[in-house]
Amino acid sequence: MKPEFRERILCRFKQQSGYARTGDILDLGIHNIYLKELEQEGTIIKIKRGLYCLQNLESQSTMAEALLTIPGGVLCLGTALSYYDLITWDPPEIHVAIPHGRKVKQPEYPSVKLYYFTGIFYSTGINEIMESDHLIRIYDLEKSICDLVRFRNRIDIDILKEALGEYLKRRDKDLNKLNTYAKTLKISSVLSQYLEVLI
């Protein structure tokens with residue numbers, strides 16, 4: 001590969017916070033075969049078809065990468081709980097909620113576990129925050145706790161207790177919002193039972 005091509009391609013990646021699509025490189029008048037070369041030598045990583053990121057990207061966020069590949073995705077459950085430091089367990093996949101019925105192709109990287117939420121279960125409590133120079137969508141603290149209770153039969157009881165216990169210690173907790181969400185999501189009686197044991 002000509003050094004000038006390499007420089008122009010890598011410059012485009014850096015201009016876009018370490019990410020580029022095949023179309024971005026074609027727009028430079030450079031053939032996309034050079035992306036394959038950069039991938040084979042380990043300079044860039046293929047996230048999914050047509051989307052790449054720099055291998056040594058210091059601000060690289062697997063959460064941001066996961067959401068780039070999943071339109072409408074919202075970080076949820078284990079990933080959200082881990083992000084808020086409510087659990088010590090680090091899920092092996094990125095947990096992402098998408099609207100029920102939406103067809104999504106799983107990315108090659110990072111590893112993603114999809115959860116299909118309907119209606120208010122999907123739309124309630126979505127937060128948008130900046131993470132590694134990328135805007136990511138993640139459920140807020142209270143919605144993450146409600147989802148944990150909703151999925152209690154699929155999650156280890158120790159993770160549930162740890163997350164609830166850590167939540168109750170936090171100064172930024174909002175018990176009014178938690179109760180409102182719990183009523184909306186029809187889990188208020190179950191949540192109350194768990195909280196009574198811990199308070």
Task: Length-normalised contact order for the stretch 63-198 - Cα pairs under 8 Å, 6+ apart - percent - done: 24 percent
TODO: Tell me the label-point distance for the pair residue 6, residue 26, using the 7 Å Cα-to-Cβ offset, in nm and rounded to one decimal.
DONE: 2.6 nm
- [ ] Can you put 90, 156, 24 in order of Cβ neighbours within 10 angstrom, beginning with the fewest?
- [x] 90, 156, 24
- [ ] Quote to one decimal, in nm, the extra length available between residue 123 and residue 88 on full extension: 0.36 nm per residue of separation minus the C-alpha distance between them.
- [x] 9.9 nm
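In the stretch 134-199, what trypsin sites (Lys or Arg not before Pro) fall in a loop by DSSP, with at most 10 other Cβ atoms inside 10 Å?
On the way: sites: 137, 143, 150, 152, 154, 161, 169, 170, 171, 173, 177, 183, 186; in loops: 170, 171, 173, 186.
Here the trypsin sites (Lys or Arg not before Pro) that fit, given the DSSP loop and packing criteria, are 171.
Charges only on Cβ, +1 for Lys and Arg, -1 for Asp and Glu: so what's the dipole of the chain about the Cα centre, in debye to the nearest 20? Don't skip to the end; give the middle numbers.
Numbers: 27 positive and 26 negative charges, 148 e Å.
Dipole magnitude for the chain comes out near 700 debye.
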Open item on the list: Among 74, 100, 160, whose Cα projects farthest towards the positive end of the dipole of the chain, with charges put on the beta-carbon of Lys, Arg (+1) and Asp, Glu (-1)?
Closed with: 100
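Assigning unit charges at the beta carbon (Lys, Arg +1; Asp, Glu -1) and nothing else, what dipole magnitude in debye, to the nearest 20, does the stretch 3-54 show about its Cα centre? Intermediate results must be reported in sequence, preceding the final value.
Details: 9 positive and 7 negative charges, 47 e Å.
With only Lys, Arg, Asp and Glu charged at Cβ, the dipole is about 220 debye.
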Open item on the list: If amide hydrogens are placed 1.01 Å from N in the peptide plane, which non-local residues have theirs closer than 5 Å to the one on residue 131?
Closed with: 136
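With the Cα gyration tensor of the stretch 3-54 giving a ≥ b ≥ c as the square roots of its eigenvalues, does the rule (a/c under 1.5 for rounded; else a/b larger than b/c for prolate; else oblate) give rounded, prolate or oblate?
In terms of gyration-tensor shape, rounded.
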Task: Span from the the stretch 70-124 Cα centroid across to the the stretch 1-46 one, whole angstrom - done: 29 Å
Task: Phi-based couplings in Hz for the stretch 88-97 (Karplus 6.51, -1.76, 1.60; Gly and Pro marked x) - done: 8, 5, 10, x, x, 10, 7, 8, 10, 8
Open item on the list: Could you tell me the relative contact order of the stretch 3-54? Use alpha-carbon pairs under 8 Å, at least six residues apart, and round to a whole percent.
Closed with: 36 percent
Open item on the list: At 7 Å along Cα-to-Cβ for each site, give me the label-to-label distance between residue 106 and residue 46 in nm.
Closed with: 1.7 nm
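Calculate, in whole percent, how much of the Cα-Cα pair population of the chain lies beyond 32 Å. Show your work: numbers first, answer last.
Details: 5512 of 19701 pairs.
Value for the chain (Cα pairs over 32 Å): 28 percent.
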Task: Size of electric dipole in the stretch 1-90: Cβ of Lys, Arg +1 and of Asp, Glu -1, about Cα centre, debye, nearest 20 - done: 340 debye
Open item on the list: For the stretch 63-198, give me the percentage of DSSP beta bridges that are antiparallel, rounded to the nearest 5 percent.
Closed with: 55 percent
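For a footprinting-style exposure proxy, rank 130, 63 by other Cβ within 10 Å, fewest first. Intermediate results must be reported in sequence, preceding the final value.
Working: 130 9, 63 23.
Listed from fewest to most nearby Cβ atoms, that is 130, 63.
We did not get these values from a lab; they are worked out from the coordinates using the rules stated. Note that the structure is a prediction, hence the values are computed from the model and not measured. All Cβ positions, glycine included, derive from the backbone under ideal geometry; neighbour counts span all protein chains shown.
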